[in-house]
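Trainee: Structure provided below as C-alpha cells; questions to follow.
Read-outs: derived from the displayed coordinates by stated rules, not from any lab. Since we're looking at a predicted model, the values are computed, not measured. Backbone-built Cβ (ideal geometry, glycine too); neighbour counts: all protein chains shown.
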Amino acid sequence: MAIHLSARLAWHDKGWNGCICGNPKLNVSCMVHEHIRDGRDEEFEIQNAGKSLKDLSTDKLPPCSRDPGTFSCNGFKIVHHDPLDWRNLPSVEEEIPPYSFCTSP
C-alpha cells in the first residue's frame, strides 16, 4: 500500500537547510502564514540571518522553525506551544531529527 504525504512549507531562501533565511526581510511569503507573520521578530532574524537553528536557544527560534530543517543534515530542538491559551496545556520540547519538518493545522 502506497502512502503519500503532502506538506506546504513556508518559502526558505537557503533551501530549507536548517538555518534562518539569508535575507529574512525579503522573504515576504512568510507574511502569508498567520502564525509566522504574528510571531515574527524581524530584527532578531536579520541579526541571525544564515545561522543554524541548532545553534539557537529554543526560546529564540523564529515562528517558521517547523519548516527550515526539511533538507538539513542537522537536527535541532523546538518547543511547541498550545495555540489555544485557554486550555493551559504545557509546552513540549521536541528533538527534530535531520531531514524533517513539523506538520501543523
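Trainee: Being touching a His at 6+ places or on another chain (Cβ under 6 Å) and surrounded by 14 or more Cβ atoms within 10 Å (Cβ to Cβ) is the filter; apply it to the stretch 60-105 and report the residue that is farthest from residue 15 (Cα to Cα).
Mentor: The residue in question is 63.
Trainee: Let me ask something else. So which residues in the stretch 32-49 are in contact with a helix residue (DSSP H, G or I) (Cβ under 9 Å, 6 or more places away or on another chain) and either farther than 18 Å from residue 103 by Cα or not hydrophobic (A, V, I, L, M, F, W, C) (or both)?
Mentor: 37, 40, 41, 42, 44, 45, 46, 48, 49
Trainee: Another one. Looking at the stretch 1-16, I want the residues that are at negative phi and free of Cβ contacts under 8 Å to residues at least 60 places away in the same chain and have a partner that is among the charged types (D, E, K, R) and surrounded by 11 or more Cβ atoms within 10 Å (Cβ to Cβ) with Cβ atoms under 7 Å, at least 6 apart or on another chain. Which pairs are those?
Mentor: Pairs found: 10/67; 12/67.
Trainee: Return yes or no: is residue 86 aromatic (Phe, Trp, Tyr) and free of Cβ contacts under 8 Å to residues at least 24 places away in the same chain?
Mentor: When the stated conditions are applied, residue 86 passes them.
Trainee: Of all residues being part of a helix (DSSP H, G or I) and basic (Lys, Arg) in the stretch 1-59, which is surrounded by the most Cβ atoms within 10 Å (Cβ to Cβ)? Just the residue, please.
Mentor: Checking each candidate, the answer is 54.
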